[in-house]
Amino acid sequence: MEITTQPDITISERNLERLEDMLDSLPANQPGMDALHQELDRANIAPPEQMPPDVVTMNSRIRFVVEPAGKEMEMTLVYPDDFAGQKDQLPVTASAGIAMLGLAVGQHNEWCLPSGQTARVRIVDVTYQPERSGDYMR
């Protein structure tokens, strides 16, 4: 996945620890791992209790628009171990999940699809964020 824009992103310390542990446990050749490493390396890191309430963190419920289709969707960003194949779940290891992690409401990010086309996601709302709710230990 090649990211064509680099918006500022913020990740909680707890999410960073768990994501790094997850990456260490996965095979090195798993798709998307390099892109996720790059996002974690460039992220601003904040203590969970200081996360801005409009930022996409792990287990956040997110309303977003995928462009150019303009389709608005709502999903929960999940760890691969928590992914149960439900339509409203988005694993953080998917290109779209990597692109949304750490974005704030109003921000957008782009990535290249296997077809060579560019997809763009724009965050409309974070309807649930564990850190905002005090439930950031999972």
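Structure above, values below:
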| quantity | calculated |
| --- | --- |
| Rounded percent of accessible protein surface that carbon and sulfur make up, the chain, 1.4 Å probe | 46 |
| Placed amide H near I62: partners under 5 Å, 5+ positions off or other chain | M75, T76, L77, T127 |
| The chain, helix-only ellipticity at 222 nm - DSSP H runs n ≥ 4, -39,500 (n - 2.57), divided by all residues, nearest 500 | -6500 deg cm²/dmol |
| Probe 1.4 Å, accessible area per residue of the stretch 1-125, Å² | 50 |
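The values are calculated or read from the model by the stated rules, or taken from the named source; none is laboratory data. Since the structure is predicted, the reported quantities are computational estimates derived from the model, not experimental observations. Accessible surface areas use protein heavy atoms only, side chains included; no ligands, DNA or RNA. Shrake-Rupley method; radii C 1.70, N 1.55, O 1.52, S 1.80 Å.
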